[in-house]
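Written out below as structure tokens is the structure these notes cover.
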Amino acid sequence: MKQGVWAVLIADVVESRARPDLRRQLAGKLRIANKAHLHEKRIKLPYAVTAGDEFQTIAARLEEIPGLVLDLRRRFRPLPLRIGIGIGQVSDGLRPPVNQLAGPAFQLARRAIEDIKTGRAHKFEVQTAFRSIDDRFDSAANLVYGLHDTLIRGISEEQWRTIDAYLAKGRVDRAAKAAGISGSTASRNLRRAHFWQIEETIAGVQKIVRAFF
């Protein structure tokens, strides 16, 4: 990985004004995500709210980003998130709170989330976008995530619960037991949620990150 290059993640809640009690929900989910992601050393600094329904962090390593994107979508449901990732330099050192830092990585993340809001990211709706110091990486990552977001959008709540159980237990049979469903139902839920494709997406984008940075 290139020295001094970091991944800034900025997320906000889609259609937040139409969601009652959003502030309380967001605070609760952020508290849980902070505890888990700091413990797992996935993020360098705690999540911080920047304005209203928006929050941001810096990934501990660039290759953590694909897993973080999935885990945030999983943990924050039913709140749908727009997620912009900027990869570049961060000014003035890494110290909390993250919302008082600056630098190209933050500017790139801001441009990425604006790409989603304005529809510049793709001709179809997406909820994830990348901007970095390398346009070739951006093209590859945004192509993958354009397809990835299409798969994510179709996951039902029952399928998400099976994914939760599988990620906690690591095996389909144990996930089925934890979720109180049969093994065949658990396997079918994971298959119909395109979970195996999503796992390969994470591994693939991690390889792309390592190749470019």
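The values are calculated or read from the model by the stated rules, or taken from the named source; none is laboratory data. All figures in this text were calculated on a predicted structure; none of them were measured in a lab. No Cβ is skipped: glycine too gets one built from the backbone with ideal geometry, and neighbour counts run over all protein chains shown.
Filtering segment 81-98 to residues that are surrounded by fewer than 18 Cβ atoms within 10 Å (Cβ to Cβ) and either of a type in the set (Asp, Glu) or not in a strand (DSSP E or B) (or both) leaves Gln89, Asp92, Gly93, Leu94, Arg95, Pro96, Pro97.
What is the one condition in (1) part of a helix (DSSP H, G or I); (2) out of contact with any Pro (no Cβ under 6 Å at 6 or more places or on another chain) that Asn34 does not satisfy? Checking Asn34 against (1) part of a helix (DSSP H, G or I); (2) out of contact with any Pro (no Cβ under 6 Å at 6 or more places or on another chain), the one that fails is (2). Taken as a whole, the condition of being over 18 Å from the mean Cα position of the chain (by Cα) and either surrounded by fewer than 14 Cβ atoms within 10 Å (Cβ to Cβ) or under 14 Å from Leu70 (Cα atoms) (or both) applies to Arg171. Any chance you could count how many residues in segment 86-139 are aliphatic (A, V, I, L, M), touching a helix residue (DSSP H, G or I) at 6+ places or on another chain (Cβ under 8 Å) and modelled with pLDDT of 95 or more? Qualifying residue count, segment 86-139: 2. For the condition in contact (Cβ under 8 Å) with a residue 24 or more places away in the chain, within 20 Å of Ile65 (Cβ to Cβ), buried (at least 20 other Cβ atoms within 10 Å of the Cβ) and under 19 Å from the mean Cα position of the chain (by Cα), Gln127 qualifies. When each of Ser184, Ser139 is tested for being assigned to a helix (DSSP H, G or I), within 19 Å of the chain's Cα centre (by Cα) and surrounded by fewer than 20 Cβ atoms within 10 Å (Cβ to Cβ), the lone residue that passes is Ser139. Scanning segment 100-120 for residues that are assigned to a loop (DSSP other than H, G, I, E, B) and either under 16 Å from the mean Cα position of the chain (by Cα) or acidic (Asp, Glu) (or both) yields a count of 0. Candidates Tyr166, Tyr145: the one that is of a type outside the set (S, T, N, Q), under 17 Å from Arg82 (Cβ atoms) and either surrounded by 20 or more Cβ atoms within 10 Å (Cβ to Cβ) or touching a His at 6+ places or on another chain (Cβ under 8 Å) (or both) is Tyr145. Checking Val49, Val69 one by one, the residue that is aliphatic (A, V, I, L, M), touching a residue at least 24 places away in the same chain (Cβ under 8 Å) and buried (at least 17 other Cβ atoms within 10 Å of the Cβ) is Val69 and no other.
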